[in-house]
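Below is one structure, written out as structure tokens; comments come after it.
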Amino acid sequence: MRISVIGSGYVGIVTGATLAEAGFKITCLDILEEKISDIKRGISPIYEPGLERLIRNGLDSGNLNASTELEKHIANSDVVFVCVGTPSNEDGSIDLQYIENVSKTIGKSIKDSEKDIVVVVKSTVVPLTTEETVQKIILEESGRGRETVGIAMNPEFLREGSAVDDALNPDRIVLGCTDEKSKAALMKIYEGHTCPIMHCDPRTAEMIKYSSNSFLAAKISFVNELANMCDKWNMDFEMVAEGMGMDSRISKQFLRAGVGFGGSCFPKDVKALRRAAKNDGLGSEMLDATLSVNEKQPEIVVNMAREILGELKNKRIVVLGLAFKADTDDVRESRAFNIVEKLKNENVEVIGHDPQATEAFAEESGITCTDDLEEALRDADCAIIQTEWNEYKSIKPEFLCNLMKKPVVIDGRRTFDNGYFAGTGVEYVAIGLGN
């Protein structure tokens with residue numbers, strides 16, 4: 001089975017590398033020569049633990065190839081995975097320009113071919129997109145009969161920072177197929193997995209992806225509201241979360257308070273689902289509230305800094321963690337941007353630190369960033385933890401006392417246990433910790 005993966009971004013390169021590891025012949029396709037050149041040299045275009053090793057394994061075994069010649073490889077493929085981006089428009093609606101362009105390319109590529117092909121949408125798209133946009137464009141551009149083209153939607157459930165393991169060992173697989181051709185191909189691809197496999201139509205598969213991300217985002221915002229109440233009423237939200245998590249109906253997952261969610265999925269997907277609902281005259285009060293709470297949450301750590309330091313003007317504050325979460329270099333929708341912007345409005349000297357994301361964040365935010373933790377903390381009046389990297393979890397109190405002008409730590413991710421800094425000279429506050 002010859003498989004092409006269109007789009008060598010986060011979803012595409014993980015999909016390609018893990019399928020190659022499973023023994024399939026994979027060609028990763030992208031219009032950006034820099035990405036393809038990196039992949040051919042065994043360099044991952046993104047930071048993701050374990051991914052570069054899989055890319056090199058694939059190259060060494062001959063199972064993984066990369067190319068910018070889209071039409072050539074699509075025409076020779078049995079299965080094509082569509083893994084291009086679906087960013088947000090200004091109004092929050094989904095931008096389908098890359099999906100539409102790729103669909104046209106696929107249609108043109110198979111126009112003169114007589115062999116059957118299966119096209120699988122793995123990009124996150126709003127319900128009806130696979131059937132009413134992708135399928136329609138491919139058939140129109142190719143002039144082919146529906147019986148020769150399999151169409152399916154196979155959502156990804158990859159968590160950045162653990163995407164390789166999630167792809168190799170999924171907890172569920174959802175196959176939204178329109179025909180037996182696509183169903184048979186995908187069952188062959190996933191036959192080695194023992195997790196539950198759900199079969200449905202494409203629009204249901206699309207909705208499952210959006211519903212899952214929106215539910216988790218709503219859970220985060222709900223938890224953050226509760227944590228803010230705990231701060232006001234002087235109690236530790238972690239104990240509240242522990243009690244909540246003992247209820248099997250709730251579970252202990254996603255009960256951590258903080259400065260809010262970011263990344264390439266939750267903010268974008270909640271906005272897109274909300275806009276799609278409103279376009280069809282449907283209410284979205286829960287989604288509205290989820291986004292509203294998330295936008296306000298970063299302001300809390302800035303208010304904490306103001307309460308401790310007084311006037312923030314000319315203070316030196318370091319933001320520890322610029323990626324939206326640990327173990328990734330992805331800064332998309334990172335809450336660090338919101339925090340930095342609010343600090344800059346107070347005329348604060350802001351320094352950013354991150355083990356992986358300094359270059360991307362500095363370019364987008366305009367602040368000074370470093371991957372040297374000592375340099376970042378030296379003479380700082382305050383440190384705000386925005387991402388719970390392991391590098392921060394291992395910080396010793398004396399390290400902060402020796403470097404910082406005023407050893408103040410404001411923890412936006414509950415990185416440390418309550419009492420860790422007790423009696424050390426470090427002033428420590430955190431969201432949901434109480435007074």
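The values are calculated or read from the model by the stated rules, or taken from the named source; none is laboratory data. This one's a predicted model, so the numbers in the text were calculated from it and none came from an experiment. All Cβ positions, glycine included, derive from the backbone under ideal geometry; neighbour counts span all protein chains shown. Accessible surface areas use protein heavy atoms only, side chains included; no ligands, DNA or RNA. Shrake-Rupley method; radii C 1.70, N 1.55, O 1.52, S 1.80 Å.
Let's see how each residue does on (1) in contact (Cβ under 8 Å) with a residue 24 or more places away in the chain; (2) surrounded by 20 or more Cβ atoms within 10 Å (Cβ to Cβ); (3) in a loop (DSSP other than H, G, I, E, B):
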{"site": "VAL134", "(1), (2), (3)": "yes, yes, no"}
{"site": "GLU140", "(1), (2), (3)": "yes, no, no"}
{"site": "ARG144", "(1), (2), (3)": "yes, no, yes"}
{"site": "GLU160", "(1), (2), (3)": "yes, yes, yes"}
{"site": "ASP165", "(1), (2), (3)": "yes, no, no"}
{"site": "ASP171", "(1), (2), (3)": "yes, no, yes"}
{"site": "GLY176", "(1), (2), (3)": "yes, yes, no"}
{"site": "ALA185", "(1), (2), (3)": "yes, yes, no"}
{"site": "GLU191", "(1), (2), (3)": "no, no, yes"}
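Is at least one residue of region 60-77 open to solvent by 10 Å² or more (accessible area, probe 1.4 Å), touching a Phe, Trp or Tyr at 6+ places or on another chain (Cβ under 7 Å) and farther than 24 Å from ALA323 by Cβ? Checked against the condition, which is being open to solvent by 10 Å² or more (accessible area, probe 1.4 Å), touching a Phe, Trp or Tyr at 6+ places or on another chain (Cβ under 7 Å) and farther than 24 Å from ALA323 by Cβ, region 60-77 yields at least one hit. When each of LYS344, LYS405, LYS393 is tested for being of a type in the set (Lys, Arg) and in contact with a Lys or Arg (Cβ under 9 Å, 6 or more places away or on another chain), the lone residue that passes is LYS405.
Of all residues in region 28-69, those satisfying the criterion of being in a helix (DSSP H, G or I) and hydroxyl-bearing (Ser, Thr, Tyr) are SER37, SER61.
Scanning region 223-241 for residues being in contact (Cβ under 8 Å) with a residue 12 or more places away in the chain, open to solvent by 40 Å² or more (accessible area, probe 1.4 Å) and more than 26 Å from the chain's Cα centre (by Cα) gives a total of 4.
Answer with yes or no whether ILE43 is under 30 Å from ASP116 (Cβ atoms) and not acidic (Asp, Glu). No; evaluated as a whole, the condition is false for this residue. Here is the figure for region 288-317: residues that are within 30 Å of ARG275 (Cβ to Cβ) and among the small types (Gly, Ala, Ser) total 2.
Yes or no, residue by residue, for (1) at pLDDT 95 or above; (2) closer than 16 Å to VAL409 by Cα; (3) open to solvent by 10 Å² or more (accessible area, probe 1.4 Å):
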{"position": "GLU295", "(1), (2), (3)": "yes, no, yes"}
{"position": "VAL301", "(1), (2), (3)": "yes, yes, no"}
{"position": "GLU311", "(1), (2), (3)": "no, no, yes"}
{"position": "VAL319", "(1), (2), (3)": "yes, yes, no"}
{"position": "ARG335", "(1), (2), (3)": "yes, no, no"}
{"position": "LYS342", "(1), (2), (3)": "yes, no, yes"}
{"position": "ILE367", "(1), (2), (3)": "yes, no, yes"}
{"position": "ALA380", "(1), (2), (3)": "yes, yes, no"}
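Comparison of ILE250, ILE220, ILE208 shows that the only residue that is without any contact (Cβ under 8 Å) to a residue 24 or more places away in the chain and open to solvent by 10 Å² or more (accessible area, probe 1.4 Å) is ILE250. Residues of region 392-435 that are assigned to a loop (DSSP other than H, G, I, E, B), without any contact (Cβ under 8 Å) to a residue 40 or more places away in the chain and either among the aromatic types (Phe, Trp, Tyr) or touching a Gly at 6+ places or on another chain (Cβ under 7 Å) (or both): PRO407, PHE416, TYR420, PHE421.
Is one or more of the residues making up region 1-8 closer than 17 Å to ASN154 by Cβ and either among the small types (Gly, Ala, Ser) or without any contact (Cβ under 8 Å) to a residue 40 or more places away in the chain (or both)? Yes, some residue in region 1-8 is closer than 17 Å to ASN154 by Cβ and either among the small types (Gly, Ala, Ser) or without any contact (Cβ under 8 Å) to a residue 40 or more places away in the chain (or both).
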